[in-house]
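Shown next, in structure tokens, is the structure this report addresses.
What follows draws every value from the coordinates through simple rules; no lab data is involved. Computed from a predicted structure; not experimentally measured. Positions of Cβ are backbone-derived with ideal geometry, glycine not excepted, and every protein chain shown enters the neighbour counts.
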Amino acid sequence: MLVKTKAIVLSSIKFQEKSLIVKCFTQSHGLKSYFVRDAFSGRKSNQKIAYFQPLTILEIEAVHKNKGTLENFKEIKISTPFHSIHSDIYKSTIVMFVSEVLHHSIREEENNESLFDFLEAALLWLDNHDEMANFHLILMLETTKYLGFYPDTSDMDMPFFEMIEGVFTPFQAISSLSEHETNLFKKLIALRFDTDQKVFHVIERQLVLKILINYYMHHLDGFKKPKSLDVLKEIFS
């Protein structure tokens, strides 16, 4: 089946000497993996590799056999070129981290166009703004809306957040955040991309990130702590 769709690059792995295996989150068909033959050979190899930087937004034409095997691109072009993401060390580190989170979170080969639209809009916002210290925190929390485990905010006046059920409660269970952690989590829920980014101190931001990673681990089987976490902490320390 010939498919034309937008796609966000989640990861690319070198295969043998010259080829790539590229995992993409597509607008029309969810998660797909593609085989790119001879990505590291020929006069246009640098151009080819540039297509597959983390979270690049592509427009693709591809042959989907839908047999659980690697698919093949027919045509590729960059949908919206980033102006600052790959040249700004802070933004590129955020993108590396977020791509890892999404790589371990999105698993369905089915349409989730609302998630795609959210991620596309978020990346374009990041590319065009310089105050982005909480971007990865907001994106991780907002993404849970589309993955099915966004916190139930109906009892947010309660002092403790229980991680497994995703609810605010009057009593602290083993799987609950402390009162201080819960207050930080409530602050995060209220944040938007264009909110004042100085709402957290560095230590608080690291604690909120730890909470989010643990929350993902509670709700996504096999979710792994991103390898780029230490780099992210170093950059924003």
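Any idea what the dipole of region 1-137 comes to, in debye rounded to 20, about its Cα centre with Lys/Arg Cβ at +1 and Asp/Glu Cβ at -1?
Dipole size: approximately 760 debye.
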The simple spin-label model distance between Val63 and Ile89, using points 7 Å out along Cα→Cβ, in nm, is 4.5 nm
Relative to a virtual label point 7 Å from the Cα of His219 in the Cα→beta-carbon direction, which members of region 170-204 show backbone nitrogen distances below 19 Å?
170, 173-178, 181-193
Please compute the modelled spin-label separation between Met158 and Ser79, points set 7 Å along Cα→Cβ, answer in nm with one decimal.
3.8 nm
The correct pair for region 93-220, radius of gyration to one decimal and Dmax as a whole number, both in Å and from Cα atoms, is 14.6, 43
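Once Rh is set to the Kirkwood radius over Cα pairs, what Stokes-Einstein translational diffusion coefficient, in µm²/s, holds for the chain at a temperature of 25 °C and a viscosity of 0.890 mPa s?
Values: Rh = 19.0 Å.
Once the numbers are plugged in, D ends up at 129 µm²/s.
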Taking the Cα centre of region 168-224 as origin, work out the dipole magnitude from +1 charges on Lys and Arg Cβ and -1 charges on Asp and Glu Cβ, in debye rounded to 20.
120 debye
I want to verify a result. In a Gaussian network model of the chain, Cα cutoff 10 Å, which of these has the top mean-square fluctuation: Phe171, Phe149, Phe200?
Phe171
Dipole of region 127-196, Cα-centred, from +1 at each Lys and Arg C-beta and -1 at each Asp and Glu C-beta, to the nearest 20 debye?
140 debye
Please list, ordered by chain and number, the residues whose modelled amide H lies under 5 Å from the amide H of Ser176; skip anything fewer than 5 residues away on the same chain.
Met163
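Could you compute the FRET efficiency for Thr195 and Asn111, with r as their C-beta to C-beta distance and R0 at 41 Å, rounded to 0.05?
Taking R0 as 41 Å, the efficiency between Thr195 and Asn111 is 0.85.
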Which one, Val101, Tyr90, Asn111, projects farthest toward the positive side of the charge dipole computed for region 81-121 from Cβ point charges (K/R +1, D/E -1)?
Tyr90
Cβ crowding within 10 Å averaged over residues, with 16-29, 210-223, 61-74 ranked highest first
16-29, 210-223, 61-74
Taking N as its residue count, the alpha carbon Rg of region 3-127 over 2.2 N^0.38 Å:
1.00
Once a ≥ b ≥ c are taken as the square roots of the eigenvalues of the Cα gyration tensor of region 157-237, is the result rounded (a/c under 1.5), prolate (a/b larger than b/c) or oblate (a/b not larger than b/c)?
oblate
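For the chain, what does the relative contact order come out to in percent, with C-alpha contacts under 8 Å and a separation of six or more?
Computed over the chain, the figure is 17 percent.
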To the nearest 500 deg cm²/dmol, what mean residue ellipticity at 222 nm is calculated for the chain from DSSP H runs of n ≥ 4 alone, each contributing -39,500 (n - 2.57), summed and divided by the residues?
-11500 deg cm²/dmol
So what's the net charge close to Gln27: Lys and Arg +1, Asp and Glu -1, counting the other residues with Cβ under 9 Å from its Cβ?
-2
